[in-house]
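What follows is a single structure, written as structure tokens, with notes after it.
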Amino acid sequence: MIESSVVRPLASVAALVASLIPVLHAQQQQVPEARAEIVQLDVIVTDASGKPVFGLTREDFAVFEDKKAQSLAHFTYVEARAARGPGAPGAPAAAPVEAERAQSPGRHLVIVVDDLHIAPGNLELVKSALRRLVRNFLGPGDSAAILATSAPGAVRQLSQDVAALEGSIAGLSFRQAPAPPAQGSQMTPAQAELVLRGDRMARRLASRRLIDEPGSLFSGGASPRAATEEGATAVSAAGAGAASPEDLEEVAEREAERQARAILNDALRYSIATLHTIEDVLRSLSPLPGRKLCLLVSDGFLVGTGTSEERAHELRGIVDAATRSGAVVYAVDSKGLQGSIEDASVPGAAAPAGLPASVDRQAAQLTRTTLETLAADTGGFLISGTNAFDAGLGRMLAENDAYYLMAYEPTNRKRDGKFRRIEVKLPRHPVYTVRTRRGYLAPDDKAPARIARRAAEAAPPAGPSEAEARGLLAASRGESALPVRLSADYVELPPAGSGAIVRAHVDVTALAGADAVALTLDLLGGVYDAEGRPIGSAFGRRAELDATALADARRDGLQLQQRLALRPGRYEIRFAARGGKESRLGGASQWVDIPDLESGDLALSAVFLSASTPGSPVPALRDVQALRRLRTTDTLVFQVYVYNLSGERDGASDAVLQAQLRQDQKLVAASQPQPIRPERKEGALLPQTNGMPLEGLAPGRYELRVVVVDKKSGVTASRQVDFTIE
């Protein structure tokens with residue numbers, strides 16, 4: 001394995017040769033005036049069985065930079081004090097000559113726990129594995145430090161105190177990430193990356209999700225499954241059904257791409273924070289002597305590979321930092337330590353029924369690929385698999401007991417800041433494996449500008465802590481400085497099961513005056529049981545609006561949608577919004593009942609509303625579930641799921657649905673009871689869809705009540721939702 005080590009400006013190659021061995025024992029000062037670069041490589045070679053290979057000489061190695069051969073200025077073999085003696089397993093047949101032999105001090109290990117990308121179900125097993133590491137794997141000369149990516153910073157102190165290290169491990173905790181920014185999207189960041197890479201299957205699935213989502217802007221117009229013939233005619237006449245399925249699919253696909261870009265960019269902010277922490281750790285290790293190892297523990301994260309949002313430069317910055325500090329990164333896939341496949345950066349996300357296994361596998365592989373690339377490019381490897389942690393650590397530490405140290409002066413001396421690719425080969429021993437940090441960034445006279453750009457990169461929004469979020473939810477009750485509308489609607493769909501879809505709308509007019517060019521708001525929600533006790537963690541996000549987003553928010557308001565998995569019971573959903581220079585506060589709450597379908601009783605989901613204007617194209621279909629404000633020129637389109645109909649499974653159900661419109665408790669209009677035709681798609685129940693024109697109704701507040709009568713069981717169930725005609 002090759003590990004590219006320090007790239008430092010030195011006065012001359014001769015100066016390097018004289019100082020290369022002492023640098024293993026004490027910090028070496030850089031010479032700012034020097035213009036020559038010396039690339040130092042520490043190389044590990046393994047045989048076909050993965051065991052280290054010793055006994056090689058300078059003549060065995062060939063070094064290339066950007067495919068051009070380089071001349072070695074120095075070569076030596078370095079071994080730990082406890083390295084194997086002759087005749088031990090894996091020892092070389094003939095040791096290198098003494099003139100090219102040196103001893104290394106102990107190893108320095110920094111464990112970076114990527115709590116920005118570790119699901120809560122994985123963290124406890126990670127902590128258990130790390131305790132085994134510090135107890136069983138660190139040698140008497142080794143020192144270690146532990147830090148989390150949510151608390152970035154250079155390594156301040158390495159310790160040999162096992163109790164102190166275990167205390168640091170015990171202090172690790174799960175960091176709740178905010179919800180995805182795209183309103184109503186179930187798309188995960190990995191699926192978003194596939195969509196933006198042009199993966200046809202991922203794009204098709206994303207668009208179908210939008211069309212099939214309860215109460216979505218597209219579901220009413222895709223292929224209306226009306227509960228009454230009159231309802232089907234009304235939807236079609238409104239224009240909601242005028243578009244062909246192909247046109248609708250195209251519109252939904254464009255919306256999926258828009259959501260994918262927002263979701264991926266939000267996820268990449270967390271990825272950049274993780275990458276910057278790793279880079280800072282590596283650069284801070286530069287002054288230390290001896291072997292320097294960084295162990296990254298993460299579920300994996302994205303860098304936007306193959307999309308216009310790709311963050312390749314940040315990855316190259318890590319490789320450069322590893323090269324210049326003489327460190328190597330090993331990665332542990334923390335998903336491999338137990339069975340959870342939840343993505344910490346997407347709380348509550350769930351895949352729909354029938355999601356093809358190919359997309360599932362591709363999405364899961366994307367985050368793993370980042371870990372593999374990061375480790376391989378810095379000379380390490382990925383430790384993955386439920387039972388591979390201890391074996392992987394043993395291999396990681398054992399192979400760093402001895403290595404080959406060499407250096408060269410690059411033939412390319414341009415100071416253009418470009419990435420230089422390094423490759424080391426063994427022409428005489430093609431069966432051996434050589435690993436290395438794969439390059440470095442050339443000196444750049446414009447480096448301060450690059451550093452400034454990095455400083456300007458948006459770190460992940462800190463957002464309120466759990467305690468602060470719960471405090472804001474309590475303080476917001478009755479507050480109206482920020483107008484908030486909230487809906488919490490029950491639905492049960494596989495594979496997520498029972499739960500609620502929460503939609504919130506915040507009117508930012510009071511904050512977004514004509515002079516405002518940016519705005520930051522905290523959008524927070526929480527679940528409480530019937531006794532007022534909090535359930536689970538608070539959810540939400542910090543919205544940072546630039547000029548363009550602010551203009552949209554002025555026009556449409558700011559919205560948040562969150563899916564919540566909830567067991568049967570009665571819950572209160574609370575929502576709070578805080579923002580502006582004066583930290584204005586607004587709040588709303590709503591109770592939601594989650595029925596127990598296992599009882600077999602007839603039940604209805606919430607009634608999901610959307611609206612269209614006659615003659616308008618499909619994109620004009622509006623989601624009105626949160627605000628529930630419509631115009632007299634609109635056609636109201638609604639969906640409802642009917643659960644546990646008698647005889648449904650046998651195709652012998654006998655039930656009818658009626659839509660009733662009421663104002664001030666008085667019946668204004670009602671449809672004729674029409675038979676319900678239960679339908680399923682890939683095992684998932686499809687909603688009943690209907691529509692009614694509002695023309696001729698006076699402005700005011702109305703209630704839409706959907707009544708279902710199961711004639712076989714003699715049971716009636718109903719759901720209602722209020723709305724306003726303006």
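The values are calculated or read from the model by the stated rules, or taken from the named source; none is laboratory data. Here the structure is a predicted model, which means the values were calculated and not measured. Cβ: placed from backbone, ideal geometry, glycine included. Neighbour counts: every protein chain shown. When the accessible area is computed, the model is the full protein with side chains, heavy atoms only, and any ligands, DNA or RNA have been set aside. Shrake-Rupley method; radii C 1.70, N 1.55, O 1.52, S 1.80 Å.
Residue count for region 114-142, restricted to those that are open to solvent by 10 Å² or more (accessible area, probe 1.4 Å) and over 29 Å from Ala364 (Cβ atoms): 7.
Residue-by-condition table, conditions (1) over 17 Å from Arg470 (Cβ atoms); (2) open to solvent by 20 Å² or more (accessible area, probe 1.4 Å):
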position: Thr520; (1), (2): yes, yes
position: Leu524; (1), (2): no, no
position: Leu550; (1), (2): yes, no
position: Ala565; (1), (2): yes, yes
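The set of residues in region 567-581 being open to solvent by 20 Å² or more (accessible area, probe 1.4 Å) and in contact (Cβ under 8 Å) with a residue 24 or more places away in the chain consists of Arg567, Pro568, Gly569, Arg570, Tyr571, Arg574, Arg578, Gly580.
Strands (runs of 3 or more DSSP E) fully within region 621-726 that include at least 3 residues being over 19 Å from Leu493 (Cβ atoms) and within 37 Å of the chain's Cα centre (by Cα): 715-725.
Could you tell me whether any residue of region 498-506 is among the polar types (S, T, N, Q), modelled with pLDDT under 85 and under 30 Å from Leu566 (Cβ atoms)? Scanning region 498-506 turns up no residue that is among the polar types (S, T, N, Q), modelled with pLDDT under 85 and under 30 Å from Leu566 (Cβ atoms). Any idea which of Ala402, Ala364 is more than 21 Å from Leu426 (Cβ to Cβ), among the small types (Gly, Ala, Ser) and at pLDDT below 90? None of the other options fit; the residue is Ala364. The numbered conditions (1) over 13 Å from Asp114 (Cα atoms); (2) part of a helix (DSSP H, G or I); (3) in contact with a Leu (Cβ under 6 Å, 6 or more places away or on another chain) are all true for Pro289 except (2).
Does Leu523 satisfy being more than 29 Å from Leu685 (Cβ to Cβ), outside any loop (DSSP other than H, G, I, E, B) and at pLDDT 85 or above? It is true that Leu523 is more than 29 Å from Leu685 (Cβ to Cβ), outside any loop (DSSP other than H, G, I, E, B) and at pLDDT 85 or above. For region 526-556, filtering for residues that are without any contact (Cβ under 8 Å) to a residue 60 or more places away in the chain and either part of a loop (DSSP other than H, G, I, E, B) or under 17 Å from Gln259 (Cα atoms) (or both) leaves 12.
Each residue in region 430-445 was checked for being in contact with a strand residue (DSSP E or B) (Cβ under 8 Å, 6 or more places away or on another chain) and within 14 Å of Ala62 (Cα to Cα), and 5 of them qualify. On the given criteria, is Tyr432 among the hydroxyl-bearing types (Ser, Thr, Tyr), open to solvent by 30 Å² or more (accessible area, probe 1.4 Å) and at pLDDT 65 or above? When the stated conditions are applied, Tyr432 passes them.
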